[in-house]
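None of the figures in this text is laboratory data; all of them are computed from the coordinates on show. Being a predicted model, the structure only gives us computed values, none of them experimental. Counting neighbours? That spans all protein chains shown, and the Cβs are built from the backbone with ideal geometry, glycine included.
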Amino acid sequence: MVLIYQIGLCILLSLILLSLLVNLAAFPFFFYAMFMGAFYAPTPMKKVKRMVGLLKLKKNARVLDLGSGDGRIVIEFAKMGYHADGIEINPFLVWRSRVFNWWSFRNDRSAQRRTRFFCRNFWQADFSDYDLVVVYGITRIMPRLEKKLRAELKPSAKIISHGFKFPHLKVGKEDGDLRVYSVD
Ligand SMILES: C[S@@+](CC[C@H](N)C(=O)[O-])C[C@H]1O[C@@H](n2cnc3c(N)ncnc32)[C@H](O)[C@@H]1O
């Protein structure tokens, strides 16, 4: 009995140690992301649900979440039947998204195939394929991001920004701090 208790305690301590090590290893990436764009702050799920209902896109529309965090926005758009990609600079969050995605769509392989998570810097990505780009950035990056979106997106494409405004793009629909922009 004592042996079982000791083994259990060892397993528990190992798991705590492992989770501490993983968090310690992940820590520098959170700072790196702050420097490269924005820090990690997930959009609350209630707001994600409102976001996916903001626009009616065409059937095979492609959606991109810039800085996709734990993948929640990508997964919700995929649930609506769209192709959804996430670009995220923090590899720990990318892997978390992939696991979360696999779990969310464990009974729906076709939805699983509609999502992709790239571990990349979004400043080096090409947005030209997308019909909708979602971003939850910070004020500092909005002017530079506006230029990149204007240069790369097709005229019919839309942008949803959570919280932060673009300096020159025209706002269409608004729902609280969710704003829909177009590039034309
Ligand atoms: C405010 S969070 C938003 C997360 C998610 N989109 C959401 O709304 O739940 C911003 C995310 O962007 C990522 N990020 C910051 N700079 C980036 C860059 N240059 N390339 C890719 N991802 C970046 C951060 O790691 C963080 O996860």
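Sort out for me the Cα centre separation of the range 92-131 from the range 155-184, rounded to whole Å. Computed from Cα coordinates, the inter-centre distance equals 23 Å. Of the Cα atoms belonging to the chain, the radius of gyration and Dmax stand at 18.8, 72 Å. Classify the range 81-173 as rounded, prolate or oblate from the Cα gyration tensor: take a ≥ b ≥ c as the square roots of its eigenvalues, call it rounded if a/c is under 1.5, otherwise prolate when a/b beats b/c and oblate if not. It comes out prolate by the Cα gyration axes.
Remark on Arg116: its backbone amide H falls under 5 Å from those of Ala84, Asp85, Gly86, a criterion applied only to residues 5 or more positions apart or on other chains, H modelled at 1.01 Å from N. Loop-located trypsin sites (Lys or Arg not before Pro) in the range 97-158 (DSSP state not H, G, I, E or B) with no more than 14 neighbouring Cβ atoms inside 10 Å: Arg106, Arg120. The count of lysine pairs in the chain that are at least 8 places apart or cross chains, and whose C-alpha atoms lie under 16 Å apart, stands at 23. Magnitude of the charge dipole for the chain, about its Cα centre and with charges confined to Cβ atoms of Lys, Arg (+1) and Asp, Glu (-1), is about 520 debye.
Once Lys and Arg get +1 and Asp and Glu get -1 on their Cβ, which of Tyr136, Ala41, Pro91 lies farthest toward the positive end of the dipole of the chain? Positive-end residue among those listed: Tyr136.
Helix 142-152 and the longest principal axis of the C-alpha atoms of the chain enclose an angle of approximately 70°.
Converting phi to 3J(HN,Hα) with the Karplus coefficients 6.51, -1.76 and 1.60 and the offset θ = phi - 60°, the range 94-107 yields 5, 5, 4, 4, 5, 5, 4, 5, 4, 5, 5, 10, 4, 9 Hz in sequence order, with x at every glycine or proline.
Which of Asn101, Asn121, Asn23 moves most in a GNM of the chain, Cα contacts under 10 Å? Looking only at Asn101, Asn121, Asn23, the biggest GNM fluctuation is shown by Asn23.
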